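Participant: Below is the structure I would like to discuss, written out as structure tokens.
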């Protein structure tokens, strides 16, 4: 039995007291290098202060808006509200539908298409938001090596026929914005309030991007939601205008025919029949015109009811919230990191000398 036990290495029992004693010994050993430790901590504090001083501040533009869809009001919304009190979400079973249903608003605002369209709007009279974003984040200099003429890549206002190089840079900016600079959240799952945040290194750029992003999204929402009805209204409007023009012409023709029958011998029936035919055509056109106008007004009413309203509740105003690294946090972080690194180094070198 002793021979079997001797084949396994001896493992000492775990002792909390010994563990605490060893760690206290490590701390005493580290503090034995007081001068070196003080020098390292001071250096860390200076590095932290330098980092805070060199840190580029950012600015956050925050915008809150609400989507009011007339079709979402009614019994379905009441049922959703009652279910929300019980902790259930029935938005998918009723209420708003299509592009404005549930979380679709958040996904649509974060789409590449809308972000690129926003970047191609004007920053000032000489540059677009894309030009300014590339300059602030030094992307224009980074991509200068790809420019065929050796000039900084610029983006035309509302550019449609961009080059492959412009599209590539625009795509990279869009990815960076989605990762770090832009976000949208729903403040309350039971309400239709949304909050849009844009955090960038340029104050005016952040404000303009936030506002223009909502404008692009609002136009997209409304045009998508009401496209079918708008097409129907336009078709009925053209039909009403066409019938109205023909009806006006027929009215003048019928009046002229009636005037011409005053001097005709009553024995002749052909002119009278001609007048009756023109009057009949006029009546048919008048009936068609009235029905078309009635349908047109009904379609306009439906279009008005279907058109959602995107209302801004709070918009970003200058000066924006300034985000910068505080000196206290930077100095404390520098002291902590430098102290930990020094401690690990001292303890590792002591173990190596022991071995």
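Participant: Just wondering, is there one or more residues in the stretch 181-202 that are free of Cβ contacts under 8 Å to residues at least 40 places away in the same chain and in a helix (DSSP H, G or I)?
Facilitator: Yes, the stretch 181-202 contains a residue that is free of Cβ contacts under 8 Å to residues at least 40 places away in the same chain and in a helix (DSSP H, G or I).
Participant: Say whether the condition of being at pLDDT 90 or above and over 20 Å from residue 31 (Cβ atoms) is met by at least one residue in the stretch 332-346.
Facilitator: For the stretch 332-346, residues at pLDDT 90 or above and over 20 Å from residue 31 (Cβ atoms): present.
Participant: Please determine whether any residue of the stretch 131-153 is at pLDDT 85 or above, exposed (fewer than 13 other Cβ atoms within 10 Å of the Cβ) and under 16 Å from the mean Cα position of the chain (by Cα).
Facilitator: The answer is no; no qualifying residue exists.
Participant: Taking the stretch 225-253 as the region of interest, how many residues are loosely packed, with under 14 Cβ neighbours inside 10 Å and within 30 Å of residue 187 (Cβ to Cβ)?
Facilitator: Counting residues in the stretch 225-253 that are loosely packed, with under 14 Cβ neighbours inside 10 Å and within 30 Å of residue 187 (Cβ to Cβ) gives 1.
Participant: Of the numbered conditions (1) surrounded by 14 or more Cβ atoms within 10 Å (Cβ to Cβ); (2) at pLDDT 85 or above, residue 99 fails exactly one; give the number of that condition.
Facilitator: (2)
Participant: From the list 120, 169, exactly one residue is under 22 Å from residue 59 (Cα atoms), touching a helix residue (DSSP H, G or I) at 6+ places or on another chain (Cβ under 9 Å), modelled with pLDDT of 90 or more and surrounded by 14 or more Cβ atoms within 10 Å (Cβ to Cβ). Which is it?
Facilitator: The unique qualifying residue is 120.
Participant: For the stretch 313-330, what are the residues that are surrounded by 13 or more Cβ atoms within 10 Å (Cβ to Cβ), in contact with a strand residue (DSSP E or B) (Cβ under 6 Å, 6 or more places away or on another chain) and over 12 Å from residue 60 (Cβ atoms)?
Facilitator: Across the stretch 313-330, the qualifying residue is only 315.
The values are calculated or read from the model by the stated rules, or taken from the named source; none is laboratory data. Since we're looking at a predicted model, the values are computed, not measured. Backbone-built Cβ (ideal geometry, glycine too); neighbour counts: all protein chains shown.
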